[in-house]
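Please read the structure below before turning to the comments.
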Amino acid sequence: MGDWEWPLILFTVLGQIAIGIILMLWWLARDRAHLDGQLFKRGVKVSGGLLILALLASLFHLGHPDAAYRALTHLSTSWLSREILLFLLTFLAWINLYRQARQLSSGHALRTDSATMAVAEIEAGQQTNSLSLGLGITSVLGLSGIASSAMIYVLPRVPAWNNVGPVLFFLLTTGLLGALCTLALGGKLLQNTQKKFLLKWSLACTSVSLLIYVIYGSMLSVSIEGAASLTFLLNSPLFWARALLGWFAPLLLLLSLLKRPQIDQTHLILTVTLLAGVGEILGRALFYLSATGIQITALF
């Protein structure tokens, strides 16, 4: 079938985690309980690091990385051009978030009497609104970039991709891993109600992902090319590893965590985050492996 497209796997998955973290921080900043300042700084740094790694990984997929800027000349016709522009704008918006994080640190240091109280919580008012606006702009740009990435693969000549599946799967990865990574980063900085929201969001994303995959499989069986792709998936050990690690195990762990009155099981949170991350990487690998084969088959 196809190849392991590691540059694309890393670019899409890492980029989606980065945007997902920022999206979750945006929700926390809009919540009445407020966003903890230390979590904001931590989330901004981690999301920025992941975004940089994603952009660097994408360059290894290009035959001539030094000529990547030329793709911007086809914005009216090319989803690839739109993807590049939107991710560059997302990175610029992230730079503003990083600036806000640094100002937040120095600002709180001036107002606190104890070093241990610095950046403990973002006060309501103008500062919260500014952070929320910055997170919102970055989230919208990032989600638009992710949607553009998915639209690149919606191609009539590739039956396995020529549907809404790529867009849904890319957005679900963003929501799932963004929420779990924010939960893992937050630890004691998150209130119990915030943890429950992130867990419920993760549970919903995992459940919807599994349901859509079942529907996706039934859609593939309609055509000869799609049936070939479905056969490849069901016969691949990677698919069953993806199902176990990315769907079934996380569902059980998430349900177990939600049943607890106080969510303080750090090891379980890290475990479900790791399992879901590996599952999504395997799922993205299968996305490229199966559909590449369909494309080759369809050409003959």
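Brief remarks on what is shown
- Considering 256, 229, the condition of being open to solvent by 40 Å² or more (accessible area, probe 1.4 Å) and part of a helix (DSSP H, G or I) is satisfied by 256 alone.
- Of all residues assigned to the stretch 80-89, none qualifies as being exposed (fewer than 15 other Cβ atoms within 10 Å of the Cβ), charged (D, E, K, R), modelled with pLDDT under 95 and part of a helix (DSSP H, G or I).
- Any hit, the stretch 182-202, residues being in the same structural domain as residue 248 (by TED's automatic domain parsing) and part of a loop (DSSP other than H, G, I, E, B): yes
- Conditions (1) under 17 Å from the mean Cα position of the chain (by Cα); (2) exposed (fewer than 14 other Cβ atoms within 10 Å of the Cβ); (3) of a type in the set (Val, Ile, Thr): number failed by residue 224: (1)
- Qualifying position, being surrounded by 16 or more Cβ atoms within 10 Å (Cβ to Cβ) and more than 25 Å from residue 288 (Cβ to Cβ), among 175, 134, 165, 145: 134
A quick yes/no check of all residues on (1) at pLDDT 90 or above; (2) closer than 18 Å to residue 271 by Cβ; (3) in contact with an Asp or Glu (Cβ under 6 Å, 6 or more places away or on another chain):
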site: 190; (1), (2), (3): yes, yes, no
site: 194; (1), (2), (3): yes, no, no
site: 199; (1), (2), (3): yes, yes, no
site: 203; (1), (2), (3): yes, yes, no
site: 233; (1), (2), (3): no, no, no
site: 239; (1), (2), (3): yes, no, no
site: 245; (1), (2), (3): yes, yes, no
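- Selection count where residues are under 14 Å from the mean Cα position of the chain (by Cα), closer than 14 Å to residue 202 by Cα and open to solvent by 50 Å² or more (accessible area, probe 1.4 Å), scope the stretch 265-289: 1
- Count of the stretch 232-260 residues which are more than 21 Å from residue 211 (Cα to Cα) and free of Cβ contacts under 8 Å to residues at least 24 places away in the same chain: 2
- The set of residues from the stretch 187-212 being surrounded by fewer than 21 Cβ atoms within 10 Å (Cβ to Cβ) and in contact with a Phe, Trp or Tyr (Cβ under 8 Å, 6 or more places away or on another chain) comprises 197, 210, 212.
- Residue check, residue 122 open to solvent by less than 10 Å² (accessible area, probe 1.4 Å) and either at pLDDT 85 or above or not assigned by TED's automatic domain parsing to the domain that holds residue 8 (or both): no
- The sole residue among 167, 208, 140 that is among the aliphatic types (A, V, I, L, M), more than 22 Å from residue 93 (Cβ to Cβ) and out of contact with any Cys (no Cβ under 7 Å at 6 or more places or on another chain) is 208.
The values are calculated or read from the model by the stated rules, or taken from the named source; none is laboratory data. As the structure is a prediction and not an experimental result, all values here were calculated from the model. So basically every Cβ, Gly included, is an ideal-geometry build from the backbone, and we count neighbours across all protein chains shown. Please note that ligands, DNA and RNA were not included when accessible areas were found on the heavy atoms of the full protein model with its side chains. Shrake-Rupley method; radii C 1.70, N 1.55, O 1.52, S 1.80 Å.
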